[in-house]
Amino acid sequence: MLMTGMRTALRALAASAATLLAVTALSPAAQARPEPRAPEEFVALRSVDPTIIQEVRYTTAHTFLGERVDGYRQPVCILTRPAARALHLAQRRLLRQGYSLKVYDCYRPQRAVDHFVRWAKDLDDRIMKEEFYPRVDKDRLFEDGYIAEKSGHSRGSTVDLTLVRLPALPTRPYRPGERLTPCFAPKEVRFPDNSVDMGTGYDCFDTLSHTDDPRIQGPQRANRQFLKRTLAEVGFVNLPEEWWHFTFRPEPFPDTYFDFPVHRRSVAGH
């Protein structure tokens, strides 16, 4: 009886171990899938034109959210190959005139857009309001079109950018908790940027950011038109509500919203 009882206990122990192994094998950690990679049509901009300045803002805390954005693992600009080549053509022309492009954002994963949406729905989080949307109530961000559940950036051919007069001066990093000033304040007052004066800072949620807003005149208007004209010549179309926002046409992926992370691994070998 003793031996029979031991054999029964051992069989029960073995069955329990097998069950545990099966559960472990099916656990989320064990079954975790690798991060999605970009299609072959995507490249790192630096591999096409290393002279274009990159300040990938969403990898930092200097955003309208006040924190790094989901999906931005490294400060690398990723674009579809046609869009990157078009920027290269524009950059060649600008360098001869003493300017450089500077990109703030390129491809944007859907998880980043989802992060924007979650933030916009949290009406109590207004930590960066004084700089990025001082004249807009947060409960109007969707209605006024500043935040949406889909972004053209996720299709890979849209870029946010500006112009820098050469030689480029360094731009100091943002210090979380520092005093904020409105994004439409005079250039010498708002957060420092080595770009030419466009009348507002990047990601300024205000009608003054509209490319052809009649209140923007003089050198600021001329700078906007110079950027718009230069990019139009190589196939980019400006979004009228944002002087910094341009989409290359025709888009290779006009109806696909990607979610691979912003990381060099996503385009390794392309």
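The values are calculated or read from the model by the stated rules, or taken from the named source; none is laboratory data. All values derive from a computational prediction rather than experimental measurement. Note that each Cβ is placed from the backbone with ideal geometry, even for glycine, and that neighbours are counted across all protein chains shown. Areas reflect the complete protein model, heavy atoms only, side chains present, ligands, DNA and RNA absent. Shrake-Rupley method; radii C 1.70, N 1.55, O 1.52, S 1.80 Å.
Is it true that Leu65 is open to solvent by 40 Å² or more (accessible area, probe 1.4 Å) and either at pLDDT 95 or above or assigned to a helix (DSSP H, G or I) (or both)?
no
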Filter pass, Arg92 being within 15 Å of Ser266 (Cα to Cα), open to solvent by 20 Å² or more (accessible area, probe 1.4 Å) and in a helix (DSSP H, G or I) | no
Only one of (1) more than 18 Å from His245 (Cα to Cα); (2) in contact (Cβ under 8 Å) with a residue 40 or more places away in the chain is not met by Arg92, so which one is it?
-> (2)
Got at least one residue in segment 119-129 being aromatic (Phe, Trp, Tyr), modelled with pLDDT of 95 or more and either surrounded by fewer than 18 Cβ atoms within 10 Å (Cβ to Cβ) or on the phi > 0 side of the Ramachandran plot (or both)?
-> no
So which residues in segment 221-237 are part of a helix (DSSP H, G or I) and either without any contact (Cβ under 8 Å) to a residue 12 or more places away in the chain or more than 10 Å from Ala90 (Cβ to Cβ) (or both)?
-> Arg221, Ala222, Asn223, Arg224, Gln225, Phe226, Lys228, Arg229, Ala232
Name, by its number, the condition in (1) on the phi < 0 side of the Ramachandran plot; (2) within 21 Å of the chain's Cα centre (by Cα); (3) surrounded by 14 or more Cβ atoms within 10 Å (Cβ to Cβ) that does not hold for Leu180.
-> (2)
